[in-house]
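These notes concern the structure reproduced below.
The values are calculated or read from the model by the stated rules, or taken from the named source; none is laboratory data. Being a predicted model, the structure only gives us computed values, none of them experimental. Cβ placement follows ideal geometry from the backbone for every residue including glycine, while neighbour counts extend to all protein chains displayed. Protein only, heavy atoms only, side chains kept; ligands, DNA and RNA dropped before computing areas. Shrake-Rupley method; radii C 1.70, N 1.55, O 1.52, S 1.80 Å.
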Amino acid sequence: MVSAVVLAAGQGKRMGTKTPKQFLEMNGQPIIAVTLGVFENSPEIDEIILVTSADYVPYCRKEIVEKYGFTKVKDVVPGGTERYDSVQAGLHRVTERARERAAGNYEERTSGVERCYTIWDYVLIHDGARPFVTEEILKKTVADVKCHGASAVGVPSTDTIKIADEEGFIRETPLRSLVWNIQTPQAFELKLITRAYEIAKENGMTGITDDAMVMERSGLAKVHLVEGSYGNIKITTPEDLRKI
């Protein structure tokens with residue numbers, strides 16, 4: 001089973017609009033509907049959990065899921081204050097559904113550390129305001145996570161990157177060939193990423209910017225990179241909308 005947690009709980013303050021960016025229109029449809037459409041039409045995805053702010057749950061159910069006929073969206077759940085709160089809410093619902101399917105029949109395996117997996121359950125976590133994800137990216141990501149257990153989509157950096165010190169001076173220049181710009185989706189074995197988030201919460205979540213970082217900090221597994229597309233941008237500012 002391959003699930004997708006699509007996040008649409010952000011406020012989009014940098015967009016400068018009253019309406020959250022994921023609900024702004026793009027080519028006649030809300031951005032979140034365009035994003036969901038890619039997952040809905042992908043044979044790689046079995047189910048979708050949509051996470052939005054509590055105030056927008058009824059709207060998403062009626063004006064997004066029902067209106068556009070997204071049959072793979074199995075639930076719309078309220079998110080939290082921070083992105084990681086919303087991810088955890090989505091993972092919790094996916095895990096509940098996995099447990100219902102498994103009916104208590106879990107297999108275990110060990111790989112480097114002691115951990116229990118629900119075999120063949122995977123989850124892709126994706127930003128709802130990143131509507132240019134493609135079927136090719138989803139196909140590559142699913143294949144990669146089934147091989148490595150933890151994967152993140154990104155693209156090699158085309159710029160030279162500088163690491164600064166606390167006073168604003170250049171400290172070092174990493175090899176550009178080793179620098180990637182990370183995107184979503186990010187994909188994981190379900191039990192693995194669920195445990196990684198539990199560890200992060202136990203240790204106090206600070207400075208977390210994506211799910212790959214949660215996995216890095218947990219020490220449970222290395223995250224393998226999947227080359228995505230330079231067009232797979234996240235709609236963040238008015239300039240991004242004008243580029244469409």
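Miscellaneous remarks
- Residue separation of SER157 and HIS224 scaled by 0.36 nm, minus their Cα-Cα distance, works out to 22.5 nm of gained length.
- Remark: the range 160-243 carries 60 Å² of accessible area per residue (probe radius 1.4 Å; ligands, DNA and RNA excluded).
- Overall, the accessible surface of the chain at a probe of 1.4 angstrom is composed of carbon and sulfur to the extent of 48 percent.
- Taking the Cα centre of the range 1-103 as origin and assigning +1 to Lys and Arg Cβ atoms and -1 to Asp and Glu Cβ atoms, the resulting dipole is close to 220 debye.
- Cross-link partners of LYS140 among aspartates and glutamates (Cα-Cα below 14 Å; sequence separation of 8 or more within a chain): GLU44, GLU227
- The THR71 and GLU172 beta-carbon pair, evaluated with R₀ = 41 Å, returns a calculated FRET efficiency of approximately 0.25.
- By the helix-only formula, in which each DSSP H run with n ≥ 4 contributes -39500 (n - 2.57) and the sum is divided by residues, the chain has a 222 nm mean residue ellipticity of -9000 deg cm²/dmol.
- Per residue value of the accessible surface for the range 1-94 (all protein chains in place, 1.4 Å probe), Å²: 46
- Here GLU25 and THR134 are evaluated by their C-beta separation; at R0 = 22 Å the FRET efficiency comes out at 0.60.
- Cross-link reach is defined here as a Cα-Cα straight distance under 24 Å, omitting same-chain residues fewer than 8 places apart; for LYS139 the lysines meeting it are LYS72, LYS74, LYS191, LYS222, LYS234.
- The aspartates and glutamates within cross-link reach of LYS21, meaning a Cα-to-Cα straight distance under 14 Å and a gap of 8 or more places when in the same chain, are ASP127, GLU239, ASP240.
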